[in-house]
Amino acid sequence: MDFDLSEEQRLLKESVEGLLKSSYDFDQRKKYSAENGGWSKAMWGKFAEQGLLGLPFAEADGGFGAGAVETMIVMEALGHALVVEPYLPTVVIAGGFLRHGASDAQKAAHVPGIIDGSKTFAFAQLEKNSRYDLGNVSTAAKAKGDGWIIDGEKFVVLNGEVADTLIVTARTKGGQTDRDGIGVFLVPRDAKGVTVKGYPTQDGLRAADITFTGVEVGADAAIGDPANGLPLIERVVDEARTALCAEAVGAMDESLKVTVEYIKTRKQFGVPIGSFQSLQHRAADMFVFTEQARSMAMLATMASDFDDARERASSVAAAKVQIGKSGRFVGQQSIQLHGGIGMTMEAAIGHYFKRLAVIETTFGDTDYHLRRVGDAGGLI
């Protein structure tokens, strides 16, 4: 297996890293977070100019036809810089639904807006009692003529406060936990009956709780089969988990780099604390955990091309387990080695720890995915 990047992939890596290095230090991130919606529209425009928003889309739809490796490269770079812009909900998740399940008319209506940066999306899936079960859906979509009426509540919707369009999971038939009868719908955020309550999250992003009260949408709002959308949801969410693994590797890598630089300069008893052997051992352990996470993120990336959905899901679950364990260890050690300053809002390292902690719980925590791997009989 060749793990080297191609020339085009290497150029992509250099391009996105160069953009973020020049436009995205920690102080700039704080300014971007303070803008309406919690992210920078100007920075989003730069992503569009560099073609980052069109990477995964087919050339026929105006994109670049890139694959999972290119998404991994971008997400790892975004993790390094703690980017707050909605790349995951818009390009990875919404883009995944449009690429894998949308009609040509739906693609024509929405993909160009994503690529040029004029539209952002949000995935409204989580409910009060659903935990990590994608098939636990109580939000209802009832047929009305050729269209649908949606009623229900969704919580912790990333970018839900300012997204132009919401991608909503809703039940068209059956009981709350039935695998059949779940549809995926495109709903304008400003549609009549949609109520949005935004708030900041622990990792510096923004999310929203959204209520749907008699929201009417047309027949063209349903992505794919409205009675059998769960396989599509599971596929797209596994792609999102894979992207999160790559982002976490970038955050861990940067945490390690910042921590090593800190212990080289922080002095105690007249010498840098990095000269103490016990702290060197901790830094070495952080490196090992980061590299373990990197290898599993690569596995998840390769798994996206697996034909067997069960094998793909178990590989992604295994990667998420290692990412959770590594992220927790690297984050905790980073804070410990920084001492009291690591606990302050002024220090970047604490924000990396918070982001890693949120990634660990997004679309399933470590324990949840460990059970998934066990239920699948392991990776081999």
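The values are calculated or read from the model by the stated rules, or taken from the named source; none is laboratory data. All figures in this text were calculated on a predicted structure; none of them were measured in a lab. Ideal geometry is used to build each Cβ from the backbone, glycine not excepted, and the neighbour counts take in all protein chains shown.
Which condition from (1) surrounded by fewer than 18 Cβ atoms within 10 Å (Cβ to Cβ); (2) touching a Lys or Arg at 6+ places or on another chain (Cβ under 9 Å); (3) not charged (D, E, K, R) is the one that residue 122 breaks?
Checking residue 122 against (1) surrounded by fewer than 18 Cβ atoms within 10 Å (Cβ to Cβ); (2) touching a Lys or Arg at 6+ places or on another chain (Cβ under 9 Å); (3) not charged (D, E, K, R), the one that fails is (1).
So how many residues does the stretch 146-157 have that are surrounded by 19 or more Cβ atoms within 10 Å (Cβ to Cβ) and of a type in the set (Phe, Trp, Tyr)? First the steps, then the outcome.
Initially, the stretch 146-157 is screened for residues surrounded by 19 or more Cβ atoms within 10 Å (Cβ to Cβ), giving 148, 150, 152, 154, 157.
After this cut, where a residue has to be of a type in the set (Phe, Trp, Tyr) as well, the list is 148.
Residues that pass the stated criteria total 1.
Please name all residue pairs, on different chains or six or more residues apart, with Cβ atoms under 6 Å, provided the first residue is in the stretch 98-122 and is over 26 Å from residue 228 (Cα atoms) and the second residue is assigned to a loop (DSSP other than H, G, I, E, B).
112/62; 113/119; 115/62; 119/164
Restricting to the stretch 139-181, name every residue that is of a type in the set (Ser, Thr, Tyr) and not in a loop (DSSP other than H, G, I, E, B). Talk me through it step by step, then tell me what you get.
Narrowing the stretch 139-181 to residues of a type in the set (Ser, Thr, Tyr): 139, 165, 169, 172, 177.
Listed by number, the residues that qualify are 165, 169.
Residues of the stretch 321-370 being within 15 Å of residue 204 (Cα to Cα), modelled with pLDDT of 95 or more and part of a loop (DSSP other than H, G, I, E, B), which ones?
Matches in the stretch 321-370: 362 only.
Out of everything in the stretch 125-145 that is surrounded by 14 or more Cβ atoms within 10 Å (Cβ to Cβ) and hydrophobic (A, V, I, L, M, F, W, C), what residue ends up being farthest from residue 174 (Cα to Cα)?
Only one residue tops the list, namely 126.
Quick check, is residue 183 surrounded by fewer than 17 Cβ atoms within 10 Å (Cβ to Cβ) and either aliphatic (A, V, I, L, M) or farther than 30 Å from residue 30 by Cα (or both)?
no
Among the residues of the stretch 280-289, is any within 20 Å of residue 69 (Cα to Cα) and assigned to a helix (DSSP H, G or I)?
Pass one, the stretch 280-289, residues within 20 Å of residue 69 (Cα to Cα): none.
Checked the stretch 280-289: no residue is within 20 Å of residue 69 (Cα to Cα) and assigned to a helix (DSSP H, G or I).
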